[in-house]
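Comments concern the structure below.
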Amino acid sequence: MTIKELMMLLDSKVPFNTAESWDNVGLLIGDETEKVRGILTALDCTEAVVDEAIELNYNTIISHHPLIFKGVQSIENKGYGKIIRKLIQHNINLIAMHTNLDVNPVGVNYMLVNTLKLKHIRQINQQQHRYFKVQTYIPKVDVKAFKDRLSQAGLAQEGNYEYCFFETEGLGQFKPVGDANPHIGDIDKIECVEEVKVEFMIDYGQQDLTEQLIKAYHPYETPVYDFIEIVDKSDYGLGIMGELTNPMSIQQFSEYAKNQLQIPSVRFVGPYDQQIKSIAIIGGSGIGFEYKAKCQGADIFVTGDIKHHDALDAAIQGVNLLDINHYSEYIMKQGLKALLDSWLEDLNIDVKVKASQINTDPFHYV
Ligand SMILES: [Zn+2]
């Protein structure tokens, strides 16, 4: 398997275009033509993680947090530059799967919810999915060839299905006038043609291609077609809501989360003994969504990186919070390894995958 093939597999499972616009995901350092010689999953690509890959003789690291994020000014042999230089010197490919892994139904939030053994889980803050329904009218005899052309160009596909069209028969009418050069009919004479209304869906980015193909392959001089924009909720969303099997007090839940996630400390906002059942989680740094989560029925909002004033605002407004530290996302190392193992097994591809053993939490706890 080449890096390019690995990227295609990752994109099919955890699409890179579902990442937030400010993010930096994909192949950050590397060569698409190289063969994958082992994959190390990591939360952060630190120098110790690169050394770990070198030690294992693996040439691919998939990290959650992008090493190259803010603009890189120089690549000297110190700081982040040292890590980049080491990756390149040892021909190690670095792939980032950040917010695209966060919003995925089997991604980081799911891994957290799973570790906490929550039930009845559902995604929250779903991204909008925009696409077009296209309808055009075409003589019955030309329909098959027209649909074939569109399908060959990758249009009218939905999930695992190609050639998704709907047809309705009708009677098209027109009168060519002036300098018209009609495919069917004569000048100044009303013509009736057995036509078919062909409907199909396209991705948002396929509009220009579709218009070009209709103009190129529709037999009429002036084809009639419409693009109807449709917006619905996608399968990707920042956060997951789930329920505890049995209600617990906030204090009990905080201790439970600390133990399940195996992290050295947590802190919470809210009354010690308030009973809670419904939990909303955004891994990493999810402050900003706590009020929305409460409106959606969450008894407590779980995330990391909570600052004093966000906590105070929440306390004053009766919103319960649990800070599980940003580093709790480390569970994605094992979670992504398990996903990769199953995806590669399905394809009968034998590539070794390991979760990094390096603790990249910058904090020490006392
Ligand atoms: Zn993070």
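The condition (being within 16 Å of the ligand (Cβ to nearest atom) and of a type in the set (Asp, Glu)) is satisfied by just one residue among 44, 31, 51, 11: 44. Only residues that are open to solvent by 30 Å² or more (accessible area, probe 1.4 Å) and either among the aliphatic types (A, V, I, L, M) or over 23 Å from residue 351 (Cα atoms) (or both) were counted across region 50-64, and they come to 2.
Criterion first (in contact (Cβ under 8 Å) with a residue 40 or more places away in the chain and open to solvent by less than 50 Å² (accessible area, probe 1.4 Å)) does residue 228 satisfy it? Taking the combined requirement at face value, the residue does not satisfy it. Whether a residue is within 16 Å of the ligand (Cβ to nearest atom) and either under 30 Å from residue 52 (Cα atoms) or not aliphatic (A, V, I, L, M) (or both) was assessed, and residue 310 does not pass this test.
The residues on offer are 63, 74, and the sole one that is more than 28 Å from the chain's Cα centre (by Cα) and either within 15 Å of the ligand (Cβ to nearest atom) or at pLDDT below 95 (or both) is 74. Looking across region 263-288, just one residue is among the hydrophobic types (A, V, I, L, M, F, W, C), outside any strand (DSSP E or B) and more than 16 Å from the ligand (Cβ to nearest atom), and that is 266.
For the criterion of being closer than 22 Å to residue 258 by Cα, modelled with pLDDT of 95 or more and in the same structural domain as residue 113 (by the TED database), residue 300 passes. The residues of region 77-114 that are exposed (fewer than 15 other Cβ atoms within 10 Å of the Cβ) and touching a helix residue (DSSP H, G or I) at 6+ places or on another chain (Cβ under 8 Å), listed by number, are 77, 82, 90.
Residues in region 123-173 that are in contact with a Cys (Cβ under 9 Å, 6 or more places away or on another chain), in contact (Cβ under 8 Å) with a residue 40 or more places away in the chain and either assigned by the TED database to the domain that holds residue 283 or part of a strand (DSSP E or B) (or both): 1 in all. Would it be correct to say that residue 273 is at pLDDT 95 or above, of a type in the set (Asp, Glu) and over 22 Å from the mean Cα position of the chain (by Cα)? The answer is yes for residue 273. Annotation: of all residues in region 328-343 being open to solvent by less than 30 Å² (accessible area, probe 1.4 Å) and out of contact with any helix residue (DSSP H, G or I) (no Cβ under 8 Å at 6 or more places or on another chain), the one that is nearest to residue 49 (Cα to Cα) is 333.
The values are calculated or read from the model by the stated rules, or taken from the named source; none is laboratory data. Everything numeric in this text was worked out from a predicted model, so none of it was measured. Every residue, glycine among them, receives a Cβ derived from its backbone with ideal geometry; neighbour counts consider all protein chains shown. Side chains included, ligands, DNA and RNA excluded: accessible areas come from the protein's heavy atoms. Shrake-Rupley method; radii C 1.70, N 1.55, O 1.52, S 1.80 Å.
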